[in-house]
Amino acid sequence: MNEMSPVSSPNPALEIEILSAENAARQLDLLADILLGCVEGGAGVGFVQPFSHAEAVRFWQSRLPGIENGERYLLAAMEAGSPVGTVMLDLAPQDNGRHRAEVAKLLVHPDFRRRGIARKLLEALDQLAVSLGRTLLVLDTVTGDTAEGLYPQCGYIRVGVIPDYARHPVEGYSATTVFYKQL
């Protein structure tokens, strides 16, 4: 399953698409802009500052093989043909984990926030997960981050907090909150 029909959205200018590796490769600069904008805004998404556009491009390039071989799916919120937000579904490869997947890199470019895009991405991700036979989703997010409040609104259950889990994008360490959702 590479590309699929866009998921319907109340905003007709916004469509959620599953990007093939080829399509993602064509969008690398724009995907990098989303990631860079989020990191520069202080989002704890695995990177620390200083962080460059070239590093963001390399990150997305490193995801392409997993997308190509079906281990990972990249969903993008598209407005006027350009990505403005992303989320990935990383499928658990273990024989005993073929029912679960990890939610990763829920990102919305700072210029497009407060429009319900993250929620739409998560709704589409749920639909995709179910279509792939995945009934358990897991994720972690920076404790105290805006996203921490979004996940329970989208049906995720808080498991707990791990202190000093990751380096903060600017300085120090951040705790992470772990969530799961049964579909």
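Tell me whether the range 86-94 contains one or more residues that are in contact (Cβ under 8 Å) with a residue 60 or more places away in the chain, aliphatic (A, V, I, L, M) and under 12 Å from LEU31 (Cα atoms).
no
Do you know which residues across the range 38-49 are part of a helix (DSSP H, G or I) and over 20 Å from VAL103 (Cα atoms)?
Within the range 38-49, just GLU40 meets the criteria.
If LEU36 satisfies all but one of (1) of a type in the set (A, V, I, L, M, F, W, C); (2) surrounded by 14 or more Cβ atoms within 10 Å (Cβ to Cβ); (3) touching a residue at least 24 places away in the same chain (Cβ under 8 Å), what's the number of the condition it fails?
(3)
Here is a check on your reading of the model: is GLU17 under 17 Å from LYS105 (Cα atoms), acidic (Asp, Glu), surrounded by fewer than 20 Cβ atoms within 10 Å (Cβ to Cβ) and at pLDDT below 95?
No: the conditions fail for GLU17.
Please go through the range 45-78 and give me each residue that is open to solvent by 50 Å² or more (accessible area, probe 1.4 Å), within 16 Å of ALA25 (Cβ to Cβ) and touching a residue at least 40 places away in the same chain (Cβ under 8 Å), ordered by number.
Selection gives PRO65, GLU68.
Answer yes or no: is there a residue in the range 147-154 that is under 27 Å from ARG98 (Cα atoms) and in contact (Cβ under 8 Å) with a residue 40 or more places away in the chain.
Looking for residues that are under 27 Å from ARG98 (Cα atoms) and in contact (Cβ under 8 Å) with a residue 40 or more places away in the chain, one finds at least one in the range 147-154, hence yes.
Can you work out which of the residues in the range 87-118 that are open to solvent by 80 Å² or more (accessible area, probe 1.4 Å), within 22 Å of GLU15 (Cβ to Cβ) and basic (Lys, Arg) is nearest to the chain's Cα centre (by Cα)?
For the range 87-118, the residue satisfying everything is ARG113.
What is the residue count in the range 159-182 for residues that are exposed (fewer than 14 other Cβ atoms within 10 Å of the Cβ) and either closer than 19 Å to ARG72 by Cβ or of a type in the set (D, E, K, R) (or both)?
Looking only at that region, the number is 2.
Kindly list the number of the only condition in (1) open to solvent by less than 60 Å² (accessible area, probe 1.4 Å); (2) of a type outside the set (S, T, N, Q); (3) touching a helix residue (DSSP H, G or I) at 6+ places or on another chain (Cβ under 7 Å) that fails for TYR151.
Of the numbered conditions (1) open to solvent by less than 60 Å² (accessible area, probe 1.4 Å); (2) of a type outside the set (S, T, N, Q); (3) touching a helix residue (DSSP H, G or I) at 6+ places or on another chain (Cβ under 7 Å), the odd one out for TYR151 is (3).
How many of the residues in the range 52-71 are more than 21 Å from ALA101 (Cα to Cα) and among the basic types (Lys, Arg)?
Count: 1.
The values are calculated or read from the model by the stated rules, or taken from the named source; none is laboratory data. Remember, predicted model here, so these are calculated numbers, not experimental data. Glycine also receives a Cβ, built like all others from the backbone with ideal geometry; neighbour counts cover every protein chain displayed. The area values use the complete protein model at the heavy-atom level, side chains included, leaving out ligands, DNA and RNA. Shrake-Rupley method; radii C 1.70, N 1.55, O 1.52, S 1.80 Å.
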